[in-house]
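Q: Next up is a structure, given as structure tokens.
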Amino acid sequence: MKGKNRYSSHDRPDDPREEPEQDHDRLEGEEQEELIAGRQAVLEALRYSKPLNILLSEGLKGAVINEITLLARQRKVPVKRLSRNEFDQVAGDISGNQGVAAFVSPFQYCSLSRLINIARESGGEPFLIMLDHLEDPQNLGAVMRTADAAGADGLIIPDRRAAGVTAAVRKVAAGAAERMPVALAGNLNRAAEMLKKEGFWLYGAEADGREPYYRADYRRPLVLVIGSEGKGLSRLLRQNCDLILSIPMPGRTGSLNVAASTAILTYAALAHREGWVN
């Protein structure tokens with residue numbers, strides 16, 4: 001799974017065969033600038049897209065700041081140095097901003113058919129993650145970061161009643177959002193059916209799953225299907241899965257949050273696909 005060539009957020013062409021259905025709020029949000037913050041988030045935005053401008057709090061030094069200013073100069077992105085008070089007026093409400101922020105274009109989603117093509121062109125067995133109505137931006141950002149680190153080809157999320165890739169998510173993802181393709185699906189059940197017709201195996205995850213995650217065969221075109229916080233997988237989507245995995249928990253903790261569960265399953269898949277385990 002190493003060396004995959006994935007589209008970044010600024011060069012994912014739309015596929016005319018399938019345009020994702022979107023609600024009015026999501027469409028209106030796509031016309032507005034977003035403010036992201038954090039050194040790594042801004043640096044990755046410079047590497048994989050082009051911020052509209054960058055804001056730096058005065059007095060910042062270090063290797064990452066030097067790289068940000070160098071890349072901004074090379075890409076002709078304006079950089080404004082602000083006093084701490086001025087910076088806080090703009091980005092002070094973003095926790096962990098580290099004195100670095102940038103105005104960026106809203107995240108660009110792709111269609112499901114386009115994401116399938118990206119996965120097939122990646123050089124290995126396609127590997128996608130479908131999220132069934134996650135609502136917490138922190139969880140979505142953490143899942144994006146894990147998926148990117150493990151070399152997954154992209155995410156599939158619903159276009160309604162779920163967290164989208166906002167500035168808050170991009171901050172938590174620490175740059176992964178600038179590299180990770182995300183498809184919006186108007187109906188996850190129809191998306192699941194399309195993926196199965198395209199040769200993908202769908203592995204869901206639930207506490208009562210019959211297959212321990214470490215026994216599953218991940219060496220095939222794969223979609224990990226992760227349920228929402230508190231509710232898990234919807235009934236129809238669960239029925240569309242080829243296998244329901246479980247994560248044994250012999251300790252006293254009876255459950256894991258979405259981000260932790262996804263990380264375990266994603267790296268189990270990676271270990272099998274890379275041949276790290278038999």
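Q: On the principal axes of its Cα set, how long, how wide and how thick is the chain? Give whole Å, largest value first.
A: 57, 48, 34
Q: Just need the relative contact order of the chain here, percent rounded to a whole number, with Cα pairs under 8 Å and 6+ apart.
A: 22 percent
Q: Treating the beta-carbon of each Lys and Arg as +1 and of each Asp and Glu as -1, no other charges, what is the dipole magnitude of segment 76-145 about its Cα centre, to the nearest 20 debye? Each step should come with its number before you reach the end.
A: Values: 7 positive and 8 negative charges, 97 e Å.
For this selection, approximately 460 debye.
Q: Sort the following peptides by mean Cβ neighbour count (other Cβ atoms within 10 Å, averaged over residues), highest first: 69-79, 90-100.
A: The densest-packed peptide leads the list: 90-100, 69-79.
Q: Which value in deg cm²/dmol, rounded to the nearest 500, describes the helix-derived mean residue ellipticity at 222 nm for the chain, given -39,500 (n - 2.57) per DSSP H run of n ≥ 4 and division by the residue count?
A: -10000 deg cm²/dmol
Q: Still on this model: Starting at the first residue of segment 202-209, write each ³J(HN,Hα) from the Karplus equation 6.51 cos²θ - 1.76 cosθ + 1.60 with θ = phi - 60°, in whole Hz, x for Gly and Pro.
A: Values, residue by residue: 9, 10, x, 9, 8, 4, 9, x Hz.
Q: Step through the residues of segment 225-230 one at a time and calculate ³J(HN,Hα) from phi using the Karplus curve (6.51 cos²θ - 1.76 cosθ + 1.60, θ = phi - 60°), rounding each to whole Hz and writing x for Gly and Pro.
A: 10, 10, x, 7, 5, x
Q: Sort out for me the Cα centre separation of segment 184-262 from segment 69-144, rounded to whole Å.
A: One Cα centre to the other: 26 Å.
Q: Assuming a ≥ b ≥ c are the square roots of the Cα gyration tensor eigenvalues, decide whether segment 112-273 counts as rounded (a/c under 1.5), prolate (otherwise, with a/b larger than b/c) or oblate. The partial results should precede the final answer.
A: Details: a/c = 1.27, a/b = 1.08, b/c = 1.17.
Taking the square roots of the gyration eigenvalues as a ≥ b ≥ c, segment 112-273 is rounded.
Q: Based on the alpha-carbon gyration tensor of segment 27-104 and its eigenvalue square roots a ≥ b ≥ c, which shape applies: rounded if a/c is under 1.5, prolate if not and a/b is larger than b/c, or oblate?
A: oblate
Q: Remind me, relative contact order of segment 112-273 in percent, using alpha carbon pairs under 8 angstrom and six or more residues apart?
A: On the way: 298 pairs, mean separation 43.1, N = 162.
Relative contact order for segment 112-273 comes out at 27 percent.
Q: Quick one: 146, 253, fewest Cβ neighbours within 10 Å first, how do they rank?
A: Fewest to most other Cβ atoms nearby, the residues stand as 253, 146.
Q: Can you tell me the dipole magnitude for segment 112-273 around its Cα centre, using point charges on the Cβ only (Lys, Arg +1; Asp, Glu -1), in Debye to the nearest 20?
A: The calculated dipole for segment 112-273 is roughly 60 debye.
Q: Hey, if you put +1 on the Cβ of every Lys and Arg and -1 on every Asp and Glu Cβ in segment 27-104, which of 41, 92, 78 ends up farthest toward the positive end of that dipole?
A: Positive-most Cα among the choices belongs to 78.
Q: Take the Cβ-Cβ distance between residue 66 and residue 207 as r, set R0 to 41 Å, and report the resulting FRET efficiency rounded to the nearest 0.05. The partial results should precede the final answer.
A: On the way: r = 48 Å, r/R0 = 1.16.
That pair, residue 66 with residue 207, gives E of 0.30.
Q: Could you bin all the Cα-Cα distances of segment 75-123 into 10 Å bins starting at 0 and give me the percent of pairs in each, rounded to whole numbers?
A: All Cα pairs, binned at 10 Å, distribute as 19, 30, 19, 23, 9 percent.
Q: With each label point set 7 Å from Cα along the Cα-Cβ vector, what nm distance links residue 52 and residue 149?
A: 3.2 nm
Q: Once label points are set 7 Å from the Cα along Cα→Cβ at both residue 40 and residue 253, what is their separation, rounded to one decimal in nm?
A: Between residue 40 and residue 253, the label points sit 2.0 nm apart.
Q: Contact order normalised by length for segment 27-104, with contacts defined as Cα pairs under 8 Å and 6 or more residues apart; what percent is it?
A: 52 percent
Each value in this text was obtained by applying a stated rule to the coordinates, not by laboratory testing. Just so it is clear, the model here is predicted, and its values are computed rather than measured. Don't worry about glycine lacking a Cβ; one is built from the backbone with ideal geometry, like all the others, and counts go over all protein chains shown.
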